[in-house]
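Each remark here refers to the structure printed beneath this line.
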Amino acid sequence: MTIQVGQDTARTRREIASGGKTLAYYSIPAAQEAGLGDFSRLPASLKVVLENMLRFEDGGRTVSVDDIKAFAEWATNGGRNPREIAYRPARVLMQDFTGVPAVVDLAAMRDGIVALGGDPKKINPLNPVDLVIDHSVMIDEFGNPRAFRVNVEREYERNIERYTFLKWGQKAFDNFRVVPPGTGICHQVNLEYLAQTVWTDTDQNGVEVAYPDTLVGTDSHTTMINGLAVLGWGVGGIEAEAAMLGQPISMLIPEVVGFELTGEMVEGATATDLVLKVVKMLRDKGVVGKFVEFFGEGLDRLPLADRATIANMAPEYGATCGFFPIDDETLRYLRVTGRSEERIALVEAYAKENGLWRGPDYRPVYTDTLHLDMSEIVPAISGPKRPQDYVPLDRAAEEFLQVVADYRGVDMSLPAKDMAAEGPAGGAPAVIDPRKSQPVKGQDYALRDGSIVIASITSCTNTSNPYVMIGAGLVARKARERGLTRKPWVKTSLAPGSQVVSEYLEAAGLQQDLDALGFNLVGYGCTTCIGNSGPIAPELSEAIAEGELMAVSVLSGNRNFEGRISPDVRANYLASPPLVVAYAIAGDMNVDLTRDPIGHDPEGKPVYLKDIWPSTQEIAELVEKTVTREAFQKKYADVFKGDEKWQSVQTTDSLTYDWPPESTYIRNPPYFQGMSPEPGVISDVEGARILAILGDMVTTDHISPAGSFKPDTPAGKYLLERGVQPRDFNSYGSRRGNHEVMMRGTFANIRIRNEMLTGVEGGFTKGPDGQVVPIFDAAMAWKERGVPLVVIAGEQYGAGSSRDWAAKGTALLGVKAVIAESFERIHRSNLVGMGVIPFEFMNGQNRKSLGLTGDETISIRGLAGDLRPQQTVKGVIGRPDGSTEEFDLRCRIDTEVEIDYVRNGGVLHYVLRGLARAS
């Protein structure tokens with residue numbers, strides 16, 4: 001497609017010869033020669049952003065020469081110069097949970113622009129958009145050869161309305177491609193096929209231009225592609241839609257933290273163990289809103305698959321990205337995954353010519369640095385509820401016991417003598433054991449605190465990595481040889497991120513070993529990692545509920561937040577695929593895999609983890625033999641074609657969407673209905689009521705869950721009223737095209753805790769009459785009275801997925817402001833994008849120091865008039881006794897353009913009004 005390049009005031013455009021042809025490019029050395037500053041020691045990740053400024057410099061309308069000079073000042077200032085810039089990614093990546101509502105919004109914008117007298121064809125992606133359908137497959141069937149077929153059939157039954165709509169979008173919108181269901185996970189498809197590292201397109205004059213491949217994605221783990229030296233990160237669907245429609249992303253020149261890797265991982269350690277340690281270190285460091293770039297001699301021995309695993313979890317360590325510069329390993333991976341030799345040659349030539357190549361002397365200026373010797377990495381897991389809860393494997397059982405004790409309210413620090421009354425007779429020391437058990441009806445076993453009921457090899461984080469996948473297969477093979485299998489209460493599943501994984505597992509003969517332990521293929525998609533684990537056996541669910549047990553899941557994913565994986569599971573642990581297999585065999589989190597037998601062979605002899613763990617050499621030899629260029633080329637040859645089911649989906653060719661009135665999946669959202677041609681004004685918030693008071697680390701999963709829901713929830717009642725049976729509820733994530741369901745699901749996570757209520761878990765609050773009601777019902781009651789709402793929260797509010805519905809739902813409930821101690825980057829941006837203003841407490845104050853109970857009114861003054869980015873404003877608490885108290889707030893509208901967004905009611909309103917005026 002055609003890109004509109006800028007005017008290039010400094011004349012930095014040059015030519016590069018590669019693959020028998022000549023291409024134009026924008027030269028960073030040329031900018032330096034033009035006297036714009038010294039850019040030689042910028043990190044490669046920041047040079048990618050700098051090139052973006054050179055290519056789109058337009059005399060200051062959006063990008064000025066001073067913006068370019070600011071990058072040299074960044075290096076001079078020790079890696080700091082927070083100047084606002086306008087950044088334009090080359091393309092947009094979506095998955096279907098976030099992609100469907102984005103296409104719904106585009107369809108609604110077409111209706112909106114028609115209502116404003118404009119041309120619906122103006123609403124079209126101006127940048128390439130790829131949407132990969134990967135979030136909808138659920139694990140209904142598992143542990144048998146028919147699992148994949150049955151789950152695919154159920155996927156189409158549940159989602160045919162959504163898939164019909166997406167197929168309409170593929171026809172209706174330009175520059176919009178859909179990768180059909182059953183292909184893979186968006187980030188793995190991006191890594192293995194879509195990404196090019198260096199992109200090419202023709203400019204408005206017909207000249208082919210080479211430039212760094214960049215993107216934003218509607219999933220926070222878009223950062224996985226940083227492992228291939230492609231700068232990309234997750235944004236909310238709202239921001240992605242604006243980028244699709246040609247709006248630059250407003251951002252500050254980021255700080256860049258350098259993470260030096262040295263040494264080499266020892267026998268028995270995996271890339272998963274490494275990334276969990278990296279997550280822990282960077283979370284402790286504090287890198288929210290910053291770039292992280294990896295460097296050091298250790299990269300010479302780090303395969304690109306391991307780099308992608310580390311880059312994938314940038315959201316978990318809080319960074320905007322986790323970037324690896326281009327080097328020989330980048331070229332090797334491009335070659336093995338089937339990219340053309342011409343593209344590989346261009347990547348090398350461009351990177352070396354434009355200063356993006358990592359050579360032996362690469363050591364740029366960083367804002368700050370960390371160091372990790374990879375020889376110190378040990379096997380580890382993370383849990384029970386946050387990715388940064390790092391636990392070395394040799395302490396996992398011991399620490400889980402403490403987790404149970406905390407859950408049960410048992411003080412494990414008490415001396416045994418103080419518990420003697422509960423101990424055995426005869427003066428023997430009492431054993432404090434907080435764990436409970438519960439018999440399972442119809443079975444000859446019981447479950448207890450720590451029983452592992454889900455063991456899932458899932459998620460692009462690890463299934464993109466052949467080393468850990470081959471490793472899992474070898475653990476299964478060795479276990480099978482010793483006569484071991486999974487415990488009967490463990491729901492096992494294998495959901496690779498691409499069909500290539502199945503290709504090399506079959507070639508290695510390992511799939512049959514995994515099948516023998518119950519790790520049959522269940523689908524190509526995210527499954528357990530995003531809450532699509534499906535139901536466990538009813539008798540297990542009943543035992544867990546009756547015994548109030550702390551059941552466990554172990555998954556090779558990137559997220560383990562409360563309530564995310566399964567409603568039956570309280571403790572979720574992230575682990576490498578080989579460890580997932582091992583824990584399925586052990587069946588219990590209380591088993592110390594480093595010391596206890598993992599099981600017993602048919603002769604009753606103990607088998608230990610070390611007996612079935614493959615060597616690094618065994619794994620490497622199989623990877624070399626089975627992971628081939630031909631496999632990638634074969635599986636991606638018809639990536640957009642889809643199977644017979646996809647090809648049979650029928651749709652129309654209309655420019656605007658004919659919204660089916662009976663649909664419970666796709667509804668025309670209310671955002672643009674009755675919208676005036678001109679923007680409004682930002683006003684003070686007066687007399688708002690508090691909808692919820694939330695604690696620290698409230699994630700977007702808490703705010704807008706993606707998983708299943710029950711008939712007695714507001715969303716369940718809505719669907720029942722429309723004739724949808726519980727079996728067909730599907731999930732919140734699959735119904736994001738219906739604002740009615742999603743409003744009712746906002747703040748509806750079963751594990752969220754509203755501090756306005758005592759002893760109540762789940763999405764409840766006080767209604768206007770003081771009674772405890774679902775948050776949706778209370779919000780609607782306040783809305784009927786014309787009363788605005790606020791949400792109060794602690795630190796890291798909105799951590800987790802780049803979930804636009806966490807902001808959309810908040811806005812539709814009538815929330816005008818969210819006041820927190822701190823925000824995660826994407827959610828803050830999403831709130832602004834929906835016209836909800838984020839504020840931060842100042843001067844060490846918070847909800848506790850101010851004594852907020854939820855019975856107060858909140859006013860926010862100083863917004864009306866000439867509001868500036870990050871301005872300090874006054875909050876006023878009105879207490880039930882009539883007294884008031886003022887406190888300072890920092891308004892987290894961070895840039896001038898964000899002020900325009902809020903004034904318009906949101907970024908999409910801003911874009912729509914602009915396009916309507918232009919047409």
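The values are calculated or read from the model by the stated rules, or taken from the named source; none is laboratory data. Since this is a predicted model, take the numbers as computed values, not measurements. A quick note on method: Cβ atoms are made from the backbone with ideal geometry, for glycine too, and the neighbour counts reach across all protein chains shown.
Would you mind stating whether T810 is in contact (Cβ under 8 Å) with a residue 40 or more places away in the chain and within 28 Å of G763 (Cα to Cα)? Spell out how you get there, then give the answer.
On the way: in contact (Cβ under 8 Å) with a residue 40 or more places away in the chain: yes; within 28 Å of G763 (Cα to Cα): yes.
For T810, the condition - in contact (Cβ under 8 Å) with a residue 40 or more places away in the chain and within 28 Å of G763 (Cα to Cα) - is met.
Within segment 1-60, take every residue that is basic (K, R) and outside any loop (DSSP other than H, G, I, E, B) and give me the one that is nearest to F324 (Cα to Cα). Explain how you work it out, then say what you get.
Just the residues of segment 1-60 that are basic (K, R), to begin with: 11, 13-14, 21, 41, 47, 55.
With the extra rule that they be outside any loop (DSSP other than H, G, I, E, B), the set shrinks to 13-14, 21, 47, 55.
Details: R13: 26, R14: 26, K21: 28, K47: 13, R55: 22 Å.
Among those that are basic (K, R) and outside any loop (DSSP other than H, G, I, E, B), it is K47.
If we keep just the residues of segment 378-400 that are among the hydrophobic types (A, V, I, L, M, F, W, C) and in a helix (DSSP H, G or I), which is nearest to M313 (Cα to Cα)? If you could, list the steps in order and put the result at the bottom.
Keep residues of segment 378-400 that are among the hydrophobic types (A, V, I, L, M, F, W, C), which gives 378, 380-381, 391, 393, 396-397, 400.
If we keep only those that are in a helix (DSSP H, G or I) as well, we get 393, 396-397, 400.
Details: L393: 20, A396: 21, A397: 25, F400: 23 Å.
Ranking the candidates gives L393 first.
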Practice task
Can you give me the number of residues within segment 795-823 that are within 28 Å of H187 (Cβ to Cβ) and either surrounded by 24 or more Cβ atoms within 10 Å (Cβ to Cβ) or aromatic (F, W, Y) (or both)?
Solution key: 15
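For residues in segment 706-743 being within 24 Å of the chain's Cα centre (by Cα) and among the aromatic types (F, W, Y), which is surrounded by the fewest Cβ atoms within 10 Å (Cβ to Cβ)?
So, considering only residues that are within 24 Å of the chain's Cα centre (by Cα) and among the aromatic types (F, W, Y), the one surrounded by the fewest Cβ atoms within 10 Å (Cβ to Cβ) is F729.
Residues checked against (1) among the aliphatic types (A, V, I, L, M); (2) more than 32 Å from the chain's Cα centre (by Cα); (3) crowded, with 17+ Cβ neighbours inside 10 Å:
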position	(1), (2), (3)
A864	yes, yes, no
V876	yes, yes, yes
G882	no, yes, no
C891	no, no, yes
E898	no, no, yes
V902	yes, no, yes
Practice task
Tell me which residues, restricted to segment 218-243, are at pLDDT 95 or above and outside any helix (DSSP H, G or I).
Solution key: A229, V230, L231, G232, W233
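If a residue counts only when it is at pLDDT 95 or above and either buried (at least 20 other Cβ atoms within 10 Å of the Cβ) or among the aliphatic types (A, V, I, L, M) (or both), which strands (runs of 3 or more DSSP E) contained entirely in segment 72-133 have at least 2 such residues?
Working: elements: 84-87, 91-95, 129-132.
Result: 91-95, 129-132.
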Practice task
Determine whether segment 579-588 contains at least one residue that is on the phi > 0 side of the Ramachandran plot, crowded, with 24+ Cβ neighbours inside 10 Å, touching a residue at least 60 places away in the same chain (Cβ under 8 Å) and of a type outside the set (A, V, I, L, M).
Solution key: no
Practice task
Among the residues of segment 880-904, count how many are modelled with pLDDT under 95 and more than 24 Å from G289 (Cα to Cα).
Solution key: 0
Handout entry: Check on G557, at pLDDT below 95 and under 27 Å from F709 (Cα atoms)
Key = yes
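Yes/no per residue for (1) assigned to a loop (DSSP other than H, G, I, E, B); (2) touching a residue at least 12 places away in the same chain (Cβ under 8 Å); (3) in the same structural domain as N532 (by TED's automatic domain parsing):
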residue	(1), (2), (3)
L622	no, yes, yes
V639	yes, yes, no
W646	no, yes, no
P661	yes, no, no
F672	yes, yes, no
D712	yes, no, no
G737	yes, yes, no
Exercise for the section: Would you mind finding the one in G835, G844 that is touching a His at 6+ places or on another chain (Cβ under 9 Å) and either free of Cβ contacts under 8 Å to residues at least 40 places away in the same chain or at positive phi (or both)? Expected result: G835
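Check every one of the strands (runs of 3 or more DSSP E) wholly within segment 244-348 and list those with 3 or more residues that are surrounded by 24 or more Cβ atoms within 10 Å (Cβ to Cβ). Let's see the steps before the verdict.
Numbers: elements: 249-252, 256-262, 291-295, 321-323.
The strands (runs of 3 or more DSSP E) meeting that bar are 256-262, 291-295, 321-323.
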Handout entry: Those residues of segment 774-797 which are more than 22 Å from V876 (Cβ to Cβ), at pLDDT 95 or above and in a loop (DSSP other than H, G, I, E, B), in sequence order
Key = E795
Exercise for the section: Considering every residue within segment 152-171, establish whether at least one is in a loop (DSSP other than H, G, I, E, B) and out of contact with any strand residue (DSSP E or B) (no Cβ under 7 Å at 6 or more places or on another chain). Expected result: no
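Pick from segment 172-182 the residues that are part of a loop (DSSP other than H, G, I, E, B) and crowded, with 18+ Cβ neighbours inside 10 Å: which of them is farthest from the chain's Cα centre (by Cα)? Let's see the steps before the verdict.
Step one: of segment 172-182, the residues part of a loop (DSSP other than H, G, I, E, B) are 173-175, 180-182.
Now restrict to residues that are crowded, with 18+ Cβ neighbours inside 10 Å: 173, 180-182.
Working: F173: 26, P180: 20, P181: 19, G182: 20 Å.
Once the filter is applied, the top-ranked residue is F173.
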Handout entry: Matching residues in segment 853-896 - criterion: being among the basic types (K, R), in a loop (DSSP other than H, G, I, E, B) and in contact (Cβ under 8 Å) with a residue 60 or more places away in the chain
Key = R892
Practice task
Working only within segment 174-217, note down all residues that are closer than 22 Å to E630 by Cα and without any contact (Cβ under 8 Å) to a residue 60 or more places away in the chain.
Solution key: A195
